[in-house]
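Visitor: I'd like to ask you about the structure that follows.
The values are calculated or read from the model by the stated rules, or taken from the named source; none is laboratory data. As the structure is a prediction and not an experimental result, all values here were calculated from the model. Quick reminder, even Gly has a Cβ in these numbers, built from the backbone with ideal geometry, and neighbours come from all protein chains shown.
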Amino acid sequence: MRKFLVVLDDSRECLNAMRFAAMRAARSGGGVSVLAVIPPDEFQHWIGVGEVMREESRERIHAHYEVFAKWMRDRQKVEPELVIREGEVVPEILAQLKEDAEVGVLVLGAASGSKGPGPLVTQLTRSAGTLPVPITVVPGDLSKERLEAIT
C-alpha cells in the first residue's frame with residue numbers, strides 16, 4: 001500500500017497538509033504516516049529533567065495527533081499511523097523516507113506569509129532531485145473546499 005508521509009508540527013500550514021494527505025489516501029486506497037520529530041535541543045538538561053521533558057513532548061504529540069487521526073478516521077475512513085523520531089527535523093524526515101519503503105509521497109504544508117514557504121519546504125525542495133519520493137507542497141491558504149476539489 002502506498003502511504004503519504006506528512007509532518008506533524010505546530011505550524012498553521014500543517015492542517016492543510018494533513019487534510020490533503022488524508023483525502024488523497026482515501027481516494028487512492030492508500031495510507032497516511034504522520035511523522036513528529038522531537039528536536040534534540042529540548043533535552044539538554046540534567047538526565048532526570050530531560051527524561052520528563054521527553055515524555056511531556058511525546059504526550060503533546062499524541063494529543064495533537066489524535067485530533068487529526070480522529071478526523072481522518074471519521075471523515076476520510078483512513079487509519080493513520082504515528083511515527084515519533086528524535087533529532088533534527090530534515091535528517092529525520094529523510095531517514096523515515098529511507099526506512100519506510102511504502103511511503104510514496106511526502107506531503108508538506110507551505111506557509112502563506114511574506115517570509116516564504118517555511119523552513120521545511122525550503123530545505124527539502126533544495127534536495128528534491130535526490131529524494132526517493134516526490135514532494136507535494138500544499139498551500140497553507142487553500143480552502144477546505146478547494147482541497148476537496150483537487151484531491
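Visitor: Looking at (1) more than 14 Å from Val7 (Cβ to Cβ); (2) within 12 Å of the chain's Cα centre (by Cα); (3) among the aliphatic types (A, V, I, L, M), can you tell me which one Ala128 breaks?
Guide: Result: Ala128 passes all but (2).
Visitor: When you scan region 132-139, do you find a residue that is within 15 Å of Ser11 (Cα to Cα), without any contact (Cβ under 8 Å) to a residue 40 or more places away in the chain and either surrounded by 11 or more Cβ atoms within 10 Å (Cβ to Cβ) or in contact with a Leu (Cβ under 7 Å, 6 or more places away or on another chain) (or both), even just one?
Guide: Yes, region 132-139 contains at least one residue that is within 15 Å of Ser11 (Cα to Cα), without any contact (Cβ under 8 Å) to a residue 40 or more places away in the chain and either surrounded by 11 or more Cβ atoms within 10 Å (Cβ to Cβ) or in contact with a Leu (Cβ under 7 Å, 6 or more places away or on another chain) (or both).
Visitor: Starting from residues that are surrounded by 13 or more Cβ atoms within 10 Å (Cβ to Cβ) and under 30 Å from Leu147 (Cβ atoms), keep the ones in region 40-59 and report whichever is modelled with the lowest pLDDT.
Guide: Ser57
Visitor: Then there is this: Hey, can you tell me all the residues within region 1-39 that are hydroxyl-bearing (Ser, Thr, Tyr) and either in contact with a Leu (Cβ under 7 Å, 6 or more places away or on another chain) or surrounded by 22 or more Cβ atoms within 10 Å (Cβ to Cβ) (or both)?
Guide: Ser33
Visitor: Could you identify the single residue in Glu79, Glu102 that is modelled with pLDDT of 95 or more and more than 17 Å from Phe20 (Cα to Cα)? Outline the logic, then answer.
Guide: Working: Glu79 fails: more than 17 Å from Phe20 (Cα to Cα).
Exactly one residue qualifies, and that residue is Glu102.
Visitor: Another question about this same structure. Looking at the structure I just gave you, is Ser57 in contact with a helix residue (DSSP H, G or I) (Cβ under 7 Å, 6 or more places away or on another chain), more than 25 Å from Arg27 (Cβ to Cβ) and among the hydroxyl-bearing types (Ser, Thr, Tyr)?
Guide: Yes; evaluated as a whole, the condition is true for this residue.
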